[in-house]
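Nothing in this text is a laboratory measurement; each read-out follows from the coordinates by a stated rule. Only a predicted model underlies this, so the values are computations on that prediction, with no experimental measurement involved. Neighbour counts run over all protein chains shown; Cβ positions are idealised from the backbone, glycine included.
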Amino acid sequence: DAGVTQSPTHLIKTRGQQVTLRCSPKSGHDTVSWYQQALGQGPQFIFQYYEEEERQRGNFPDRFSGHQFPNYSSELNVNALLLGDSALYLCASSLITAGDWNNEQFFGPGTRLTVL
Amino acid sequence: DAKTTQPNSMESNEEEPVHLPCNHSTISGTDYIHWYRQLPSQGPEYVIHGLTSNVNNRMASLAIAEDRKSSTLILHRATLRDAAVYYCILSFAGANNLFFGTGTRLTVIP
């Protein structure tokens, strides 16, 4: 089992550009969540996808959007990049069973985004 | 979102037990208590979670106060591999969105 995988590992963009990050969940998982982790801080929840729909959203602007595909993989898109968007972007997957939303989340290694 | 309070850092000697405290005085009746840890240069890793009763798994034990306003993560024998930032997180029963704080940085001394 490959666990949660993310691509790319590192990415450098300039202000104003757009970026797409990708995540493949752990085999058998149906829910994907995205987090942003600035240097020296704890991860901040961006949003969560389940059944191809955004189910929960944290305090992030509309520049941050996402998508979940039928195979449960997911993308995070960020438009009009700002310097402050430089961070480690983490994807986490989980399996919702019998309505239990509190199962453990498995995190990927993250994508390091640098905005110049 | 209900908040948690943790000490910024703690130290422990190798092979000794470690008790990591967490205060969550504004917890609601349906909030779950989660613990995750993050080793250097890695994504967070699930440790344990619970609602009301104490919980044990192969990694750790979670002791929850009777009024649920505080909890303690117990590592029974600290190893060097346990050096990490430990996050105590509350999540609403109907959601699985984790709101991390700044956590406790655990240093294990050989």
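Relative to the Cα centre, the charge distribution of chain A, modelled as +1 at Lys and Arg Cβ and -1 at Asp and Glu Cβ, gives a dipole magnitude of about 560 debye. Computed about the Cα centre, the dipole magnitude for chain B is approximately 160 debye when only Lys and Arg (+1) and Asp and Glu (-1) carry charge, each at its Cβ.
Between amide H atoms placed 1.01 Å from N, distances below 5 Å from A:R55 occur with A:Q48, A:Y49, A:Y50, all of them 5 or more places distant or on a separate chain. Here the peptides B:61-71, A:36-46 are ranked by packing, the mean other Cβ count within 10 Å, and the order with the highest first is A:36-46, B:61-71.
Using a cutoff of 8 angstrom between alpha carbon atoms and counting only pairs six or more residues apart, the relative contact order for chain B works out to 37 percent. Within the straight-line cut-off of under 18 Å between alpha carbons, the lysines reachable from B:K69 are B:K3, sequence neighbours fewer than 8 places apart in one chain being disregarded.
For the protein assembly as shown, the C-alpha radius of gyration sits at 1.02 times the compact-globule guess of 2.2 N^0.38 Å, with N the residue count. Spin-label pair A:E104-B:H19: with each label point 7 Å from Cα along the Cα-Cβ axis, the two points sit 2.5 nm from one another. Counting Lys and Arg as +1 and Asp and Glu as -1 over every other residue whose Cβ lies under 14 Å from the Cβ of B:V108, the net charge comes to -1. With the simple spin-label model, which puts each label point 7 Å out from Cα in the Cβ direction, the A:H67 to A:K13 separation comes to 1.5 nm.
Length, then width, then depth: along the principal axes, the Cα atoms of chain A run 44, 28, 27 Å.
Ranked from highest to lowest mean number of other Cβ atoms within 10 Å per residue, what is the order of the peptides A:80-88, A:21-29? Present the calculation step by step, with values, prior to reporting the outcome.
Numbers: A:80-88: 14.9, A:21-29: 18.6.
Packing order, densest peptide first, comes out as A:21-29, A:80-88.
Note on the protein assembly as shown: with charges restricted to the Cβ of Lys and Arg (+1) and Asp and Glu (-1), its dipole about the Cα centre is near 540 debye. Take each residue in A:12-23, count the other chain C-beta atoms within 10 Å of its C-beta, and the mean is 0.
Using C-alpha pairs below 8 Å separated by at least 6 residues, the relative contact order for chain A is 36 percent.
Chain B: percent of C-alpha pairs farther apart than 23 Å? In whole percent, the long-distance tail amounts to 21.
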